[in-house]
Amino acid sequence: MSAMVHQMAYFLPEQYEAAWERGLLNATSYRDHGDYRRESEQTMRALAARSTTSIRVMRLDVADLVAYAQREGQDPASRQTRLDFAGWLHKTGHTGDLWPPERNAPCWCASGGKYKKCCGNAGFLAIEPADPASLVLRIELDGITPRVWRQIAIPSNTPLDHVHRMFQAAMGWHDQHMYAFETDEHTIIDPRSDSGDATADGERLVSIATQPGATFTYVYDFGDHWTHTITVEEIRPGGADNTFTVLGGEGACPPEDTGGAARYQYLLEALADPSSPDHDEAVDRLGADFQPARAR
């Protein structure tokens, strides 16, 4: 069985500029190629830290990417298309460059410099560019009536373990349980888990929230299994005010440990019905004055 290989899609400077000119990149991408290289190096280091998968840098040509997207019926501006194209290149014999190179070998970014003085240089990696974009997200708690939702803005490169804490604050949870982010392709888990999945402290929001309309799931409390559908509503340019902000919302967050969506829904009904045999329990669990339609 052949070893697993991760393909890192990468544009050389002239191709990166061409990708911007063709509208293949959006506000979540760094405009400066140096910041883009820095992010790529940091991403590969994070991947190497949690996996023994071999990493190869696949250099993308814009014209070839567009042709591939047309053949496959995909959007050439989609991040997933770039990833698929990099995988296709590898499958069709383009081996790419093995990462990391030796310290004195040419850098993977094709700058012509040695790796130790280029992308492998500690000074280069120490620079922290500002987040390029602000993502406006809608968080909706699944299976609950009246609806519980929040609209928030988050810097695009926020690590997912920080995003978790922002979701907790926006919704009104108290961060007492483990969590996960789920997409169609991946599960990204609470760093405290020993499941072997990718962990939230090694991934950034932009890796799963790439374009307006994109969705993913946030799961909180593996016992009660509260699921939240997250939708990317808008991508705004970053700036000095690009910080975590709660923009709006409706509905009270359920109290912790109320048994999940179905049990919580039953308790709401019992709370509203003094004749229910579980009315007293509902008062104890929710509070006599609990108002589910009001955001707390």
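The values are calculated or read from the model by the stated rules, or taken from the named source; none is laboratory data. This is a predicted model, so every value here is computed, not measured. Using ideal geometry, Cβ is built from the backbone for each residue, glycine included, and neighbour counts are taken over all protein chains shown. Surface areas here come from the heavy atoms of the whole protein model, side chains and all, with no ligands, DNA or RNA. Shrake-Rupley method; radii C 1.70, N 1.55, O 1.52, S 1.80 Å.
Kindly indicate whether Asp289 is closer than 22 Å to Thr227 by Cα, outside any helix (DSSP H, G or I) and among the acidic types (Asp, Glu). Here the answer is no, as Asp289 does not meet what is asked. A single member of Gly248, Gly259, Gly223 is more than 17 Å from the chain's Cα centre (by Cα), farther than 21 Å from Ser29 by Cβ and assigned to a strand (DSSP E or B), and it is Gly248. For the structure I just gave you, tell me whether Asp201 is at pLDDT below 95, more than 13 Å from the chain's Cα centre (by Cα) and of a type in the set (Asp, Glu). So Asp201 fails the test. For Gln176, the conditions (1) closer than 21 Å to Thr245 by Cα; (2) touching a residue at least 12 places away in the same chain (Cβ under 8 Å); (3) not acidic (Asp, Glu) all hold with the exception of (1).
Within the stretch 225-248, residues that are free of Cβ contacts under 8 Å to residues at least 60 places away in the same chain reach partners that are open to solvent by less than 70 Å² (accessible area, probe 1.4 Å) with beta carbons closer than 6 Å, at six or more positions or on different chains, in the pairs His225/Gly260. Kindly indicate whether Gly213 is outside any helix (DSSP H, G or I), open to solvent by 50 Å² or more (accessible area, probe 1.4 Å) and without any contact (Cβ under 8 Å) to a residue 60 or more places away in the chain. Judged against the criteria, Gly213 is a match.
Restricting the stretch 163-210 to residues that are charged (D, E, K, R) and over 21 Å from Leu141 (Cβ atoms), which is least open to solvent (accessible area, probe 1.4 Å)? Checking each candidate, the answer is Glu203. Within the stretch 3-28, the residues that satisfy the criterion of being modelled with pLDDT of 85 or more and within 21 Å of the chain's Cα centre (by Cα) are His6, Gln7, Met8, Ala9, Tyr10, Leu24, Leu25. The set of residues from the stretch 72-93 being in contact with an Asp or Glu (Cβ under 9 Å, 6 or more places away or on another chain) and either under 12 Å from Met58 (Cβ atoms) or among the aromatic types (Phe, Trp, Tyr) (or both) comprises Asp84, Phe85, Trp88, Leu89. Taking Thr53, is it more than 18 Å from the chain's Cα centre (by Cα) and in contact (Cβ under 8 Å) with a residue 12 or more places away in the chain? Here the answer is yes, as Thr53 does meet what is asked. Counting residues in the stretch 257-265 that are open to solvent by 30 Å² or more (accessible area, probe 1.4 Å), modelled with pLDDT of 95 or more and closer than 22 Å to Ala153 by Cα gives zero. Scanning the stretch 13-50 for residues that are in a loop (DSSP other than H, G, I, E, B) and open to solvent by less than 40 Å² (accessible area, probe 1.4 Å) yields Leu24, Leu25, Ala27, Thr28, Ser29, Tyr30. Checking each residue in the stretch 78-109 for being aromatic (Phe, Trp, Tyr) and buried (at least 19 other Cβ atoms within 10 Å of the Cβ) picks out Phe85, Trp99, Trp108. Scanning the stretch 111-123 for residues that are part of a loop (DSSP other than H, G, I, E, B), within 22 Å of Gln15 (Cα to Cα) and open to solvent by 50 Å² or more (accessible area, probe 1.4 Å) yields Ser111, Gly112.
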